[in-house]
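Chemist: A single structure is presented below for examination.
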Amino acid sequence: MLEIKPIFNAMRRSKVGAFMLLIQIAITTAIVSNAAFIIYDRLQYLQQETGYPEDEIFHFAVLTFGKDRNLSQQFEETETTLRNLPGVINAAAIQEVPLSGSGSASSFGINPTTEQGREGLEVTAAYTFGDEHAIDTLGVKIIAGRNFEQDEVIVAENNDVMPNVSIVSQSFLDEIYPNGDGLGQTIYLGDMPMTIVGVVDKMKGPWLRASIADNFLIIPFVSADNFQRMVVRTEASQRAAVMRQIEDTLLAEYDKRVIVGLQGLDESKREYNASDILMLRMLVVLITVLVLITALGIFGLTVFNINKRTRQIGTRRALGARKSDIVRYFIVENSMICIAGLLIGSIAAVYMGQALLELYSLPALDHNYVAITAAFVFVVSILSVLIPANRAAKISPSVATRSI
Amino acid sequence: MFIHYLDLSWRSLRRTPLISALMIAAIAVGIGITMTSLSVYHMMSMDPIPHKSDRLFHVQLNTMDEGRTWTTEDNLPYQLTYTDAMNLYNADFPERKTMSMRTGFSVHMNSSEVKPFLEGARATGREFFAMFDLDFVHGASWTENQQINASPVVVINQELNERLFGGENSVGRQIYLDDESYEIIGIVKNWEIHTKYYDLNNGAFNRMEKIFVPFSLVVSKELSSWGNTNGWKFEDVRTFQDHLQSEQFWIQFWAELDTPEEQQIYSDYLRTYLSEQATKGRFERETVQFALRNVNQWLEYNNVVTEDNRVLVGLSFMFLTVCLANILGLMLGKFLRRAPEVGVRRALGASKRQIFAQHLVEVSVLGLLGGLFGIGIAQLGLWGVRQTYSYYSALATMDTYMLLAAPAIAIGACVIAGLYPAWLVCRTTPAIYLKTQ
């Protein structure tokens, strides 16, 4: 019915061309399925929820070099100035900005650390110091417990007095108190005890890529230092306008200081993830062009085959073959090569996935991707053979008779 | 004859414009994609100081209790404690060695013309400049005395000098760092390297510092580290003095060792030093562990070439293979269709070798054209890389080497793809085609 045998015999006479097409399809399948899988993996990572309204938040740091200011009051004044700007919802002093790739981490335990080490459960988490406005400014929601009271926030020039409460992310709480009774319990940073007073459902730490990305704590402390980071939340539409006036407004207030690192939270996140975005874009370009090139290859080869067989096609038409028979001939021929190529390519894709898994820290290839890619390549190959095949079908039977 | 073949190839390309364009496009895209990832790889893996990379050694000491682990493959911390850095620096051997650390200052000129700004700085020994080939345009490094006395002196680079003093010789002038006056004693050239190999703590491709100050200022001015500070045990660190005496790691240390003998001497010295320190009760260790890694080993150890980049280079070469298979198929068709013409040429006396050469010239021309267009595509790709990731902006460029490599790889690849079709066509027996004409 499909005339596979005569087609196969005809193909054997131009082995190399068919073989090259087969190789192309095989490699294309292998690359595209693995690349598509990596792309999907990165997309999931990049689009994950962080818990913050990133487009409403921006941050900067103030470096005071003038020595005539009381630093433990200055951050409060700065906050007030910021809150008075139109469009600003809230502002807070914070030590480390989430999602920015820069932060502090430590292990927290249910027992204090002593000279002999620590007993019992320990969980590693990122943390930041911040004041009582930090929660609202970061736009995260407390689902259990409460925010810091103003008198719980320690403002100090050294760490002789330390805070004794903290607000933690749900994921950290579940890890350190797996029985679900963590709220109100005590955790230790080194030998410093803190009561968990509030829980936030989701707030990511500074390193999205880290295994501890979901473990994050806010500790009510402001170090009265000449380097003070501030975080501000505005209406999303007004953020750019507010950001533009920050430097002038603050320097007008006191000019012996430098404003640095003024940046939106989404921009900081993009910078931290730039290498992933780059990989993503490169792979998208790579597979798009690859599929295109393969399609063009199939197209070109079919055109050649048709040119070579013009007379043969004319003869077949003269002997009574219908146009659809000619089209079918090329489609079947192409499909035979394509299926062989897809089989080899799928096996290669699986092996390549394993190699990538072993050599690099990439996740294991999901075999559905191979199947979907194979189907996709097959459709593309059929489409690219259709145009020249239809042209071949138009060859008039007279060609066969005329040129003899 | 070569010119004639070139002429023939040109004619042949023009006779089948669509197919020629398709082939050139295939090569150009293949080369473009390959060169984009290869250029970044090339820049990343480039030896930053080729003539002495095998003589500069980064020192790592294990001063943790036995059984403590670190994130490195051999459990050695990247940096040293203040105690060790000072002890190694004050030792007699080798002549050139230095500790260094990234810090920073707010900078102003005590005038309203220059708005105060924040700038990273390197606190280091006076040997730093000679060791890392940082040449002086004006002035020189600080003296031994200035170093011991923690004098407020500073070396800046040309770029900063341009910004603050319009590029004139500013040696002897004042600059304010954290609101304190420092005297400029030297101006060094801008550093033309991509990899910040001397300090990989905060990203290998970050900008180099523009300000250099004596390391002794770290103690007198209590300068904090802008790099990493890592502890391995619980220590009650409250004051800066605690920090200096702690077992925290925060200082990088490099030594210049010119001969294998010197390396041996230094290894022996470090071994003795560590066993000696172990007896002082700082840490509990039976086995002495340390490492001296030269620049390239250090880059390798720190995985400076990223995994993603290796994957991309691999994928793009596979991609190039697809493009080659593609043009091989097209070329085969094209050459075979020309068999009658070749038959006539053979009958008129052309040897097989001449036919073969003619076709190889033709594929080389294809390769050259594809390579040239490929450079264009690669530039576009690199532009995209720079736009996406400003951190790579110094890396995502093609140097001369890569510019030459592009057509070379293109021609090489095309010749490989063209071998079989050319061989097939030169085997044409004249008789068959003469008969059918």
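Quick note: the coordinates plus some simple rules give every number you see, no bench work behind them. Keep in mind that what you see is a predicted model, and the values were worked out from it rather than measured. Glycine also receives a Cβ, built like all others from the backbone with ideal geometry; neighbour counts cover every protein chain displayed.
Chemist: Based on a Kirkwood Rh over C-alpha pairs, give the Stokes-Einstein translational diffusion coefficient of the stretch B:234-301 at 10 °C and viscosity 1.306 mPa s in µm²/s.
Modeler: Stokes-Einstein gives a translational diffusion coefficient of 109 µm²/s.
Chemist: Same structure again: Mind checking the stretch B:147-256 for GluC sites (Glu not before Pro) that DSSP puts in a loop (not H, G, I, E or B) and that have at most 16 other Cβ atoms within 10 Å?
Modeler: Those that pass, being in a loop and sparsely packed, are B:Glu168, B:Glu192, B:Glu222, B:Glu235.
Chemist: Which aspartates and glutamates does B:Lys352 reach when only Cα atoms under 14 Å apart count, and residues fewer than 8 places away in its own chain are ignored?
Modeler: B:Glu341
Chemist: OK, next. How much length is gained if the chain between B:Val344 and B:Asn87 is pulled fully straight, taking 0.36 nm per residue apart and subtracting their Cα-Cα distance, in nm to one decimal?
Modeler: So the extension gain works out to 84.0 nm.
Chemist: Once you have the Kirkwood Rh of the stretch B:56-301 from its Cα pairs, apply Stokes-Einstein at 20 °C and 1.002 mPa s and quote D in µm²/s.
Modeler: 113
Chemist: For the modelled label position 7 Å from the Cα of A:Ala10 along Cα-to-Cβ, which residues of the stretch A:276-302 have backbone nitrogen atoms closer than 18 Å?
Modeler: Within reach of a label on A:Ala10: A:298-302.
Chemist: What does DSSP give for chain A in terms of the percent of beta bridges that are antiparallel, rounded to the nearest 5?
Modeler: That works out to approximately 75 percent antiparallel.
Chemist: Another question about this same structure. Taking only Cα atoms, what is the 0 to 90° angle, nearest 10, from helix A:15-46's long axis to the longest principal axis of chain A?
Modeler: 20
Chemist: For the stretch B:187-242, list log₁₀ I(q)/I(0) at each q in 0.15, 0.19 Å⁻¹, using the Debye formula over Cα point scatterers of equal strength and ignoring solvent, two decimals each.
Modeler: Results for the stretch B:187-242 at q = 0.15, 0.19 Å⁻¹ read -0.64, -0.90.
Chemist: OK, next. Treat every Asp and Glu Cβ in the stretch B:71-143 as -1 and every Lys and Arg Cβ as +1, leave all other atoms uncharged, and give the resulting dipole magnitude about the Cα centre to the nearest 20 debye.
Modeler: Roughly 280 debye, rounded to the nearest 20.
Chemist: Another question, if that's okay. Based on the alpha carbons, how large is the Rg to Rh ratio for chain B when Rh follows Kirkwood?
Modeler: For chain B, the value is 1.17.
Chemist: Helix by helix through chain B, keep the DSSP H runs that span 30 Å or more along the axis on Cα and average at least -0.5 on Kyte-Doolittle, and give those back in order.
Modeler: B:17-44, B:307-337, B:352-388, B:400-426
Chemist: Could you rank the peptides B:354-360, A:226-232 by their average count of other C-beta atoms within 10 Å per residue, with the highest value first?
Modeler: Highest-to-lowest ranking by the protection proxy: A:226-232, B:354-360.
Chemist: A follow-up question, please. If I model the stretch B:286-396 as equal point scatterers sitting on the Cα atoms and use the Debye formula, what is log10 I(q)/I(0) at q = 0.10, 0.22 Å⁻¹?
Modeler: Taken in order of the listed q values, log10 I(q)/I(0) reads -0.59, -1.27.
Chemist: Write down the radius of gyration of chain A and its Dmax, each obtained from C-alpha positions, in Å.
Modeler: For chain A, the Cα-based Rg and Dmax read 32.7, 104 Å.
Chemist: Could you work out Rg/(2.2 N^0.38 Å) for the stretch B:39-151, with Rg from alpha carbons only?
Modeler: Cα-based Rg divided by the globular estimate yields 1.37.
Chemist: Then there is this: Picking from A:Glu132, A:Glu119, A:Glu49, which is most flexible by a Gaussian network model of chain A using Cα springs under 10 Å?
Modeler: For chain A, modelled as a Gaussian network with Cα springs under 10 Å, the answer is A:Glu119.
Chemist: Order by neighbour count: B:Thr63, B:Thr400, fewest other Cβ atoms within 10 Å first, most last.
Modeler: Listing B:Thr63, B:Thr400 from fewest to most nearby Cβ atoms yields B:Thr400, B:Thr63.
Chemist: Taking every residue in B:328-337, how many Cβ atoms of other protein chains lie within 10 Å of its Cβ, on average?
Modeler: Whole-number average of other-chain Cβ neighbours for B:328-337 is 6.
Chemist: For the stretch B:192-291, compute Rh as the Kirkwood radius over C-alpha pairs and then the Stokes-Einstein diffusion coefficient at 20 °C and 1.002 mPa s; write the answer in µm²/s, rounded to an integer.
Modeler: Translational diffusion coefficient: 129 µm²/s.
Chemist: Per residue and in cubic angstrom, what volume does the convex hull of the Cα atoms of the stretch A:220-298 have?
Modeler: For the stretch A:220-298, the hull spanned by Cα atoms encloses 170 Å³ per residue.
Chemist: Regarding the stretch A:156-285, what is the average projected area of its C-alpha convex hull, in nm²?
Modeler: 11.9
Chemist: Going by how many other beta carbons lie within 10 Å of each one, how would you line up B:Ile377, A:Ile387, fewest first?
Modeler: A:Ile387, B:Ile377
Chemist: Taking only the alpha-carbon positions of the stretch A:1-137 and ignoring solvent, what does the Debye formula give for the base-10 log of I(q)/I(0) at q = 0.20 Å⁻¹?
Modeler: -1.21
Chemist: Follow-up. Calculate the radius of gyration of the Cα atoms of the stretch A:217-355 to one decimal place, then report Dmax, the largest Cα-Cα distance, as a whole number, both in Å.
Modeler: Just the Cα atoms of the stretch A:217-355 yield Rg and Dmax of 31.7, 96 Å.
Chemist: Same structure, new question: Mean shadow of the stretch A:66-255, computed from the convex hull of its alpha carbons, in nm²?
Modeler: Computed as one quarter of the Cα hull surface, the answer is 11.7 nm².
Chemist: Then there's this: Using a Gaussian network model on chain A with a 10 Å cutoff between Cα atoms, which of A:Gly145, A:Gly51, A:Gly66 fluctuates the most?
Modeler: A:Gly66
Chemist: Expressed as a whole percent, how much of the Cα-Cα distance distribution for the protein assembly as shown exceeds 52 Å?
Modeler: Here the tail beyond 52 Å accounts for 32 percent of pairs.
Chemist: Taking the convex hull of the alpha carbon atoms in the stretch B:149-241, what volume per residue do you get, in Å³?
Modeler: Roughly 122 Å³ of hull volume per residue.
Chemist: Quick one: P(r) of the stretch B:79-222 from all Cα-Cα pairs, 10 Å bins, percents rounded to integers, in order of increasing distance.
Modeler: The distribution over the stretch B:79-222 is 11, 44, 36, 9, 1, given as percents.
Chemist: Something else about it: What relative contact order, as a whole-number percentage, does the stretch A:23-168 give when Cα pairs under 8 Å and 6 or more residues apart are counted?
Modeler: 19
Chemist: May I pose another question? So which residue, out of B:Ala396, B:Ala347, B:Ala85, gets the largest mean-square fluctuation from a GNM of chain B using Cα contacts under 10 Å as springs?
Modeler: Sorting by GNM fluctuation, first place goes to B:Ala347.
Chemist: Now for a separate question. What nm distance separates the two modelled labels at A:Ala274 and B:Ser112, each placed 7 Å from Cα along Cα→Cβ?
Modeler: Computed distance between label sites A:Ala274 and B:Ser112 equals 3.6 nm.
Chemist: Given N residues in the stretch A:132-211, what is its alpha carbon radius of gyration divided by 2.2 N^0.38 Å?
Modeler: 1.13
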